[in-house]
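What follows is calculated from the coordinates using simple rules that are stated; it is not laboratory data. Just so it is clear, the structure is predicted and the values come from calculations on it, not from any experiment. Positions of Cβ are generated from backbone atoms using ideal geometry, with glycine treated the same way; all protein chains shown enter the neighbour counts.
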There are 2 protein chains.
Amino acid sequence: MDATCGELFSDDLGWGLGTIFRSYVAALNETFIDLPGGPRGFQILSAAASGNVSSQLALAQHLGVDRTVMTYLLDDMQRAHLIERRPDPQDRRARRIVATREGEERLLTLRSRLDDVEARLLAPLDEPDRESFRKMVQLLATRIDSLQIPLAPCGDGSAI
Amino acid sequence: MDATCGELFSDDLGWGLGTIFRSYVAALNETFIDLPGGPRGFQILSAAASGNVSSQLALAQHLGVDRTVMTYLLDDMQRAHLIERRPDPQDRRARRIVATREGEERLLTLRSRLDDVEARLLAPLDEPDRESFRKMVQLLATRIDSLQIPLAPCGDGSAI
DNA sequence: TATTGTTATACTCTATAACTATA
DNA sequence: TATAGTTATAGAGTATAACAATA
């Protein structure tokens with residue numbers, strides 16, 4: 001007998017987001033299996049290539065990881081000659097993170113692999129909906145990101 | 001100096017999904033702080049109350065957790081008198097998971113708290129977009145869930 | 001005194017393996 | 001022989017604390 005769950009709680013936004021996110025991450029783990037740090041390695045490399053990473057801490061917060069974890073991730077990526085740490089002349093405590101030439105070249109093929117994964121993820125939607133979905137995700141994420149404290153009501157200064 | 005990241009890679013779907021998901025989970029962890037298992041405890045309770053949980057394994061797969069983890073979660077929820085394990089008469093290896101009376105009552109208040117969190121999450125969208133977003137999330141999650149192997153191309157039988 | 005980055009340590013979460021009982 | 005569930009163990013991932021360098 002097939003022990004299907006039938007209709008359990010598929011109308012739950014949390015279940016939907018969780019299912020999408022888990023599958024997306026699992027697919028990215030396969031796709032970026034040869035990259036130090038996996039999917040997070042890609043995000044780090046992408047950010048480094050943009051030339052806008054003023055410090056490890058800022059990057060860590062943007063990615064939602066601890067600064068100590070960022071140290072380990074950057075160690076691995078530096079060993080793989082994908083990124084470099086450069087002391088910020090304005091603040092010699094901080095390290096600017098930049099992509100090496102090799103890192104930038106690597107990024108090109110990684111991006112095309114990412115495009116494939118995202119195309120498969122969004123395949124059930126028609127083209128206009130795909131664009132709407134991306135727009136909505138960006139809007140929601142940007143608003144949340146700018147709040148720092150996730151989903152906290154205004155005036156609530158408590159940490160997570 | 002404010003070490004802002006400016007525009008790093010906010011056009012990345014992965015970053016958007018990750019940011020939304022992390023914030024959503026963090027908010028749910030606060031909201032369900034007093035519930036065994038936190039957000040997953042809620043999902044288990046919600047499924048149990050639906051009366052459609054034919055086995056612990058089916059529930060575990062639906063939630064994307066290992067069956068051993070499900071054992072621990074159910075232990076905690078049973079100790080809190082929220083759910084019961086009932087041997088399935090059709091297959092005495094399996095346990096049907098049902099909510100107790102206390103669990104069903106608890107679920108009512110938990111649902112209203114969840115509604116508050118989701119309302120805050122989706123606040124940046126106008127009402128029609130909120131409904132569209134929910135619909136798209138459900139569609140994508142359902143399609144992925146039915147594939148079992150996340151985002152695998154057709155004909156690829158390899159496990160994750 | 002506060003902040004960035006590093007390192008060592010401890011903790012949490014999850015998966016693996018072995019087992020019992022059912023099919 | 002294969003599957004559902006449990007338990008103990010091991011592993012991966014993460015956070016905590018202490019430190020040096022700089023602001």
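Pairwise alpha-carbon distances in chain A exceed 24 Å for 48% of all pairs.
Exposure proxy ranking for B:THR31, B:THR19, B:THR109, based on other Cβ atoms within 10 angstrom of each Cβ and starting from the fewest, stands as B:THR109, B:THR31, B:THR19. With a cut-off of 8 Å between alpha carbons and a minimum separation of six or more residues, what is the relative contact order of chain B in percent? Across chain B, relative contact order equals 18 percent. Could you tally the net charge around B:ARG85, taking each other residue with its Cβ under 14 Å from the Cβ of B:ARG85, Lys/Arg +1 and Asp/Glu -1? Local charge sum for B:ARG85: +2.
Across identical copies of the chain, B:PRO128 has label-point separations of 1.0 nm, listed in ascending order, with the point defined 7 angstrom from Cα along Cα→Cβ. For A:ARG96, the residues whose amide H sits under 5 Å from its own are A:ARG86, A:ASP88, ignoring neighbours fewer than 5 places away on the same chain, with H placed 1.01 Å from N. The other copies place their B:GLU105 label points at 6.9 nm from this one, listed shortest first, where each point is 7 Å from Cα along Cα→Cβ. Backbone phi angles across the stretch A:37-43, fed through the Karplus curve with coefficients 6.51, -1.76 and 1.60 (θ = phi - 60°), yield HN-Hα couplings of x, x, x, 6, x, 5, 5 Hz in residue order; Gly and Pro are listed as x.
Each listed q (0.14, 0.26, 0.31, 0.34 Å⁻¹) maps to a log10 I(q)/I(0) for the stretch B:69-113 from the Debye sum over equal C-alpha point scatterers, namely -0.38, -0.94, -1.05, -1.10. Taking label positions 7 Å along the Cα-Cβ direction at both B:THR109 and B:VAL69, the computed distance is 2.8 nm, reported to one decimal. Taking the Cα centre of the stretch B:1-109 as reference, the dipole from Cβ charges on Lys and Arg (+1) and Asp and Glu (-1) amounts to some 800 debye. With a 10 Å cut-off between alpha carbons and a GNM built on chain A, which of A:LEU82, A:LEU107, A:LEU17 moves the most? Sorting by GNM fluctuation, first place goes to A:LEU17.
Here's how it looks for A:ILE83: its modeled amide H is under 5 Å from those of A:GLN78, A:THR100, which are all 5 or more places away or on a different chain. Remark: spin-label model distance A:LEU139-B:LYS135 equals 1.5 nm, labels positioned 7 Å along the Cα→Cβ axis. The alpha-carbon positions of the stretch A:18-92 define a convex hull whose volume is 96 Å³ per residue. Here the chain B residue lying nearest the rotation axis onto A, judged by its C-beta and given with the distance in whole angstrom, is B:PHE21, 2. Computed from Cα atoms, the angle from the helix B:127-147 axis to the main principal axis of chain B rounds to 60 degrees.
Put in line by how crowded their Cβ is, counting other Cβ atoms within 10 Å and starting with the fewest, B:ASP12, A:ASP34, B:ASP116 read A:ASP34, B:ASP116, B:ASP12. Helix A:101-122 and the long axis of chain A differ in direction by around 10°, with both axes built from C-alpha atoms.
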